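Take a look at the structure below.
The values are calculated or read from the model by the stated rules, or taken from the named source; none is laboratory data. All values reported here derive from a predicted model rather than from experimental measurement. A quick note on method: Cβ atoms are made from the backbone with ideal geometry, for glycine too, and the neighbour counts reach across all protein chains shown. Heads up: the accessible areas ignore ligands, DNA and RNA and are worked out on the full protein's heavy atoms, side chains in. Shrake-Rupley method; radii C 1.70, N 1.55, O 1.52, S 1.80 Å.
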Amino acid sequence: MKHILLAMLSLWIAAVSAQPAKPAPDERTVTDAYVYLLGRMFVIRQEHMDRKGAGFAYNQIKYNPLGSADFVNPNFDVAYLEAWFAVDDKTPVILEVPEVKGRYYTAQILDEWGEVIVNINERTFPSKPFGTFALVKAGSNPKIPEGAGRIELHSSKAKMLGRVELKGDAEGAVRLQKQFKVMVAGKPAIKAPPTIPMFDNKELIGVEIFDQVDARLASALDVSPAAAEMQQKVRAVAAYAASGKEARAAVDKLLRGKVIRDFQEYALTKSAPTRNHWTGAAQAGNYGRDYRLRTSVNFAGIWANSWDEVIYFVATRDAADKPLNGGNGYLIHFPAKALPQSAVNAYWSVILVGVPDYRVVDNPLKRYNFNTYSGLKSEADGSLKIGIGPKPPAGVPESNWLPSPAGKPFSLTFRTYVPKDSVKKGQWAPPAVTLMK
């Protein structure tokens, strides 16, 4: 009997060894799979980074100090707060949102792919713009406080970004910021985020992205209608990459030689409509089948909000389509009939960040952005000039000068909060960034 079993085992090994090698996926399949999965990797990376922060804990609000710049594409226009929520089938998270009058605010809640679940404010929830809310795991039915607004998450974790507009009253904004509270009745089972090799935006992850894909995909539900299709491509590429050293090397060569470079160019210049050399006015926050846009947004400035709340415009090139260089002087000139405040129902802001890390670049003035309340000086004809450069550009008031990093590339992000229909319809965009001689 033993000899028969050994013979059968030998035949099985021979049959497996004789099977043809897995066919190589074509370039389009590898590209689709990589760009899709990369969107989730950015969120996993961010969770790992947040967990390393001082005093981090799930279900605990971090009240960022005013002017804090220690994160990607920071927002200096608001009192900012953030949290990672974690729930399970029996344990909800209770969120208290204060009543805010006369200034912009929102509690933006996103899932683990970067999709907006909800914004809690008077625009989205006119029947309950503040008060008690219970965040629960989808499909669960835990006991929640009477009168609490029930919000189902897409998985067992979610990220919250809260914003309270400063509006010239920093003390009042901070008082409201501290009134956002979180409570947990019990101890939810919290899983650590999937293990990944850490990477940065300049050197994106290579073939390692296709290791342990089942664990990474299973760690959070993707609500995109394209999820099933794309996840099948991910598994197909992962299987090929795992089939041998040559296959793995071939996938990595394609990624590092073409796919990553093409994605970075697409994310910065082609992922959304371009007007006046600004890329923007795309429906960020909720992406439908457009996983490429979602990954692009997670790459350039994670945690984008839905476009009813804010529309972003990003400029990395000037009016001549040349990359923005911190050693040059530039001008943004708004006509009197198209001032930035005319495009919003709340407020506007523009911030300068370095590339490719998308973090502010320090300068002696500690001046990183302008907004509705910056006290910029207008021209005699009512128009508005913003100058950008390593020193104040000629013909621009020094109060309107945004310092740039000499000799280094940079990017501008222009935010329109509660944008008007003209912005949503693509009829308004910031003027082109013009090189000054």
> With respect to N305, is the statement that it is surrounded by 20 or more Cβ atoms within 10 Å (Cβ to Cβ), at pLDDT 90 or above and not in a loop (DSSP other than H, G, I, E, B) true?
Replying inline: no
> Taking the condition closer than 25 Å to D290 by Cα, open to solvent by 70 Å² or more (accessible area, probe 1.4 Å) and not acidic (D, E), does A238 pass?
Replying inline: no
> open to solvent by less than 60 Å² (accessible area, probe 1.4 Å) and under 23 Å from A215 (Cα atoms), is that true of D77?
Replying inline: no
>> Looking at segment 344-353, can you tell me whether even one residue there is surrounded by 15 or more Cβ atoms within 10 Å (Cβ to Cβ) and out of contact with any Ser or Thr (no Cβ under 9 Å at 6 or more places or on another chain)?
In response: no
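Can you name the residue in segment 105-152 that is of a type in the set (S, T, N, Q) and within 24 Å of the chain's Cα centre (by Cα) and, of all such residues, is surrounded by the fewest Cβ atoms within 10 Å (Cβ to Cβ)?
So the first thing to find is which residues in segment 105-152 are of a type in the set (S, T, N, Q), and the list is 106, 108, 119, 121, 124, 127, 132, 140-141.
Pick out the ones that are also within 24 Å of the chain's Cα centre (by Cα) and you get 106, 108, 119, 121, 124.
Working: T106: 28, Q108: 24, N119: 22, N121: 20, T124: 16.
It comes out as T124.
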> Does K233 count as surrounded by 13 or more Cβ atoms within 10 Å (Cβ to Cβ) and of a type in the set (D, E, K, R)?
Replying inline: yes
> Of the conditions (1) in a helix (DSSP H, G or I); (2) aromatic (F, W, Y); (3) in contact with a Lys or Arg (Cβ under 8 Å, 6 or more places away or on another chain), F299 fails just one. Which one is it?
Replying inline: (3)
>> Restricting to segment 383-434, give me the number of residues that are crowded, with 17+ Cβ neighbours inside 10 Å, touching a residue at least 40 places away in the same chain (Cβ under 8 Å) and either more than 18 Å from A315 (Cα to Cα) or of a type in the set (A, V, I, L, M, F, W, C) (or both).
In response: 16
> Across segment 242-291, what is the number of residues that are open to solvent by 20 Å² or more (accessible area, probe 1.4 Å), more than 22 Å from P431 (Cβ to Cβ) and either in contact with a Ser or Thr (Cβ under 9 Å, 6 or more places away or on another chain) or β-branched (V, I, T) (or both)?
Replying inline: 9
> Any residue in segment 353-362 that is within 23 Å of G301 (Cα to Cα), assigned to a strand (DSSP E or B) and under 24 Å from the mean Cα position of the chain (by Cα)?
Replying inline: yes
> In segment 194-230, which residues are open to solvent by 20 Å² or more (accessible area, probe 1.4 Å) and of a type in the set (V, I, T)?
Replying inline: T195, V223
>> Quick check on segment 374-381. Is at least one of its residues assigned to a loop (DSSP other than H, G, I, E, B), over 27 Å from L110 (Cα atoms) and of a type in the set (A, V, I, L, M, F, W, C)?
In response: yes
